[in-house]
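Heads up: the structure comes next, in structure tokens.
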Amino acid sequence: MPMREEIRQKYRVVIGLEVHAQLLTSSKIFSAEPSSFGASPNTQVGVITLAHPGTLPKLNKRAFELAIKMGLACKSEISRHNIFDRKNYFYPDLPKGYQITQDRTPVCKGGLVTIKTKDGVVRDVKLNRIHLEEDAGKSIHTDGPDTFIDLNRAGVALIEIVTEPDMSTADEASAFVTEVRKLVRYLDICDGNMEEGSLRCDANVSIMLKDATVFGKKVEIKNMNSIRNVQRAINVELERQIELAEKGEAIVSETRTYDADKDKTFGMREKEELNDYRYFPDPDLSPVIVSDEWLKQIKQTMPALPQELFNKFVSEYKLSEYDANVLTDSKDIALYVDAVCSHTKNYKAAANWMMGPVKSWLNENQKSADQFPIKPQGLAEIIELIDAGKLNFTVASQRLFPAMVQNPQTPVLQLVEQLGLSQQSDQNSILPIIEEVLKAFPEEVKQFKKGKDALIGMFMGEVMKRSQGKADPKTTKDLLVNKLKEV
């Protein structure tokens, strides 16, 4: 039974997130072992992952650069002097028994991510840090007593994006993860596939009475493999904590897992304190110094970000905020539309084509916009032909568009001629069709003459159908109105 709103309103909710993003590097962070997803278990391991005696880690430079890119996108301070630390903890799926991470010198300090909630509220969520570390392997639990270990993921390059305890609703938390996923995809640093585990989220949740000055006990929720489950898990955990508080029972600081089928969180273990990890600098890895020149080179490779393209679509292309939001939701679509708009001034038509026929084709064929056969200039040519009155949208979308998809190398005008799609504005070719339609619908003509003006649409539709969409709508309407006055 849902909790009464007046009870929830007694408490202040405090939420912080830790988002782990696997970086798109071809090898692991401290070894040359491959890091692709989907390989057979334990086939992407070597002496470094297996912690053979005498082996030494070596930092993957690309992983470090990708972490800096994320920091730049989040307006973080980039640490110029970086060291790596050993985090000592019982890792059943890391053979060396510790994790290499960053404790005192995260590569990115502070920063923010701008979110927009379902209610339309726009605000900045503050970051504490973004640091680099290696992923652990995967434990596979069976129904019986056995547990299997797959070490393919062990050592894969990760960034951990840690927020301040700066959110107060599950909606804000899901909006944050949504925006982070969009950012990493725009930056091409992570594919963002939560179902494959390349983007994972842990939530730290606590409650406190609204007049309290001390934070409540923090509970960490793990095992959330979708943005929807992030929202669901936080909401059910908040209800659990408030129910305990209302009964006067203690809330234990612990790590819990979320079961999506049962829509409940379950205790795993009590939370560790920071000193339990016994961090100390890894003696096998040298400090990493980020020079001005190196940082400048990385900045020069930064792509246009979602907010920049959103602002461009609204201010320069005069699109609505709704259209701009839809079009910038994915990088490939945003860049395709931007390219179309460089070849036409009818920006609204470019947006409509993208959100209509093009997106339908992409969805049906399970393709991304960068795999779309028609080049941006080709789509712009269709728009220009319609604007010039040489085609109408219906014919263009239903006949020319499919032909262009099948023959993307054929010039647009050549296809128009081959298919006989050129719009007719010649009165001598349109008048016979109009006379034919009026002769076929004498009763409707009488009703129109009596004042039923809406029938003009029916007559127009019949003319367009019989002309196979080639009749110029403006010329047709003018001729039709004049002819109806005569009969």
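The values are calculated or read from the model by the stated rules, or taken from the named source; none is laboratory data. Worth saying up front: this structure is predicted, and the values here are computed from it rather than measured. Counting neighbours? That spans all protein chains shown, and the Cβs are built from the backbone with ideal geometry, glycine included.
Side notes on the structure shown:
- Residue match in segment 397-420 (condition: in a loop (DSSP other than H, G, I, E, B) and within 29 Å of K477 (Cα to Cα)): yes
- Applying the criterion of being modelled with pLDDT of 95 or more, in a loop (DSSP other than H, G, I, E, B) and small (G, A, S) to the residues of segment 53-87, the residue that is surrounded by the most Cβ atoms within 10 Å (Cβ to Cβ) is S76.
- Close pairs from segment 291-302: first surrounded by 14 or more Cβ atoms within 10 Å (Cβ to Cβ), partner acidic (D, E), Cβ under 9 Å, at least 6 apart: W294/E65; I298/E65
- Scanning segment 18-42 for residues that are closer than 10 Å to A157 by Cα and among the aliphatic types (A, V, I, L, M) yields A21, L23, L24, I29.
- Residue list for segment 180-217, filter: hydroxyl-bearing (S, T, Y), surrounded by fewer than 19 Cβ atoms within 10 Å (Cβ to Cβ) and in a strand (DSSP E or B): none
- Selection over segment 94-116 of residues that are surrounded by fewer than 17 Cβ atoms within 10 Å (Cβ to Cβ), touching an Asp or Glu at 6+ places or on another chain (Cβ under 8 Å), not in a strand (DSSP E or B) and not basic (K, R) gives a count of 1.
- A residue that is hydroxyl-bearing (S, T, Y), out of contact with any Gly (no Cβ under 9 Å at 6 or more places or on another chain) and either in contact (Cβ under 8 Å) with a residue 24 or more places away in the chain or more than 15 Å from L132 (Cα to Cα) (or both) occurs somewhere in segment 163-173.
- Residue in segment 258-267 that is part of a loop (DSSP other than H, G, I, E, B) and surrounded by 10 or more Cβ atoms within 10 Å (Cβ to Cβ) present: yes
- Of all the residues in segment 345-401, those that are in contact with a Lys or Arg (Cβ under 8 Å, 6 or more places away or on another chain) and surrounded by fewer than 16 Cβ atoms within 10 Å (Cβ to Cβ) number 2.
- Residue in segment 136-147 that is surrounded by 15 or more Cβ atoms within 10 Å (Cβ to Cβ), part of a loop (DSSP other than H, G, I, E, B), among the polar types (S, T, N, Q) and without any contact (Cβ under 8 Å) to a residue 40 or more places away in the chain present: no
- Where Y279 falls short, out of the listed (1) at pLDDT below 95; (2) touching a helix residue (DSSP H, G or I) at 6+ places or on another chain (Cβ under 9 Å); (3) hydroxyl-bearing (S, T, Y): (2)
- Top-ranked residue in segment 428-460 [being farther than 11 Å from L480 by Cα and within 51 Å of the chain's Cα centre (by Cα); ranked as modelled with the lowest pLDDT]: S429
- Scanning segment 269-286 finds no residues that are within 30 Å of Y98 (Cα to Cα), under 31 Å from the mean Cα position of the chain (by Cα) and of a type outside the set (K, R).
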